[in-house]
Each structure stands twice: as C-alpha cells, then as structure tokens.
Amino acid sequence: MFDRPLDPETARAVCDLGRDPDAGVRAESAGVLGGEELGEPDRAVLLALLRDADPQVRHRAVRATARGSDRSPEVTEALAELLDTEEQDIRLSAAYGLALRDDPRTAEAYARVGPLGPEFAHDTRPEGLWRWRLRNEPNG
C-alpha cells in the first residue's frame, strides 16, 4: 500500500486520518502508523489510536504496533497498558509486542492473556513467550 518508511508528506496525511471521526478510517490509519518508527508529534497520534475508545481501532493499532518499528518507551508503555483490556486478542498482541521488545514484563504479560481457545491454534503470537525466554532466560 505505502512505501516504507513513509515519506514526511504521506506520514502527515496518515496522521491526519488517525484523527478522523470515523472509526474505520482511524483503524486503517492505525494499521499503517503502527508499523512505522515515529517521532513526535506523529507518535502522539499512534498513542491516541492505541488508547482509542473504539475496540476496532485499538485492535488494528496494537496488531500493527506489536510488530512495528517503534521501540520507544512511550509505545512500550502503551502496549503494557493494553494488558488491562477485556479483549483477549488485544492482550495477546500487547504481550507479543512486549516480547519482541525484550521487555522484562513479557512472562507476566502472557500470563495476563489467559488460556487461548482453538481460534488461536495457528496464531504465531503465542510463540512470542517461548522466543522471548530463549533470548532472555538462562537455559531458555
């Protein structure tokens, strides 16, 4: 869809869409911005999308951000905050994002995700804990 990284003009346009009143438009913007390494004030838009009242927007934002390039402390903390949400899929993405950032809260984050049902059988995000342990714990 877009060349990566976003050029400044495209980034501004996508950030503007992240403030749109329509949740679907914000969700699309979140899916793009979450994959970018952002500076201020663009990061502020992504953080707002991660905290958006609409679950569809939060879902797209956390999915993209978990795998995204922005490893800033602000984004990492926003992912950790999402572990308190009711939506298990959002908690799983947040835990996965912490694992990819080698955050020391990863094991606790995965514990907060809870037991996963069969709909997650082919999902690679649960493997994030195993991979994090290989990188961070003695004897993996």
Residues that are touching a Ser or Thr at 6+ places or on another chain (Cβ under 9 Å), under 17 Å from ARG63 (Cα atoms) and small (Gly, Ala, Ser): find the helices (runs of 4 or more DSSP H) completely inside segment 86-140 holding 2 or more of those. 88-100
Among all residue pairs at least 6 apart or on different chains, which show Cβ distances below 7 Å where the first residue, located in segment 116-140, is under 15 Å from LEU100 (Cα atoms) and the second is outside any helix (DSSP H, G or I)? PRO126/LEU116; TRP132/ASP102; ARG133/GLY140; LEU134/GLY140; ARG135/ASP102; ASN136/ASP102
Mind listing whichever residues of segment 76-85 are of a type in the set (Val, Ile, Thr) and part of a helix (DSSP H, G or I)? THR76
Out of ASP42, ASP52, ASP70, report the one residue that is in contact with a Cys (Cβ under 6 Å, 6 or more places away or on another chain), touching a residue at least 24 places away in the same chain (Cβ under 8 Å), on the phi < 0 side of the Ramachandran plot and acidic (Asp, Glu). ASP42
Go through (1) at pLDDT 95 or above; (2) assigned to a loop (DSSP other than H, G, I, E, B); (3) touching a Leu at 6+ places or on another chain (Cβ under 7 Å) and name the single condition LEU38 misses. (1)
Select, from ALA109, ALA99, ALA94, the only residue that is in contact with a helix residue (DSSP H, G or I) (Cβ under 7 Å, 6 or more places away or on another chain), under 14 Å from LEU50 (Cα atoms) and buried (at least 19 other Cβ atoms within 10 Å of the Cβ). ALA94
Is segment 131-140 home to any residue that is exposed (fewer than 14 other Cβ atoms within 10 Å of the Cβ) and of a type in the set (Gly, Ala, Ser)? yes
Could you tell me which residue of segment 41-75 is farthest from the chain's Cα centre (by Cα), considering only residues that are charged (D, E, K, R) and not in a helix (DSSP H, G or I)? ASP54
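The values are calculated or read from the model by the stated rules, or taken from the named source; none is laboratory data. Just so it is clear, the model here is predicted, and its values are computed rather than measured. Virtual Cβ from ideal backbone geometry, glycine too; neighbours counted across all protein chains shown.
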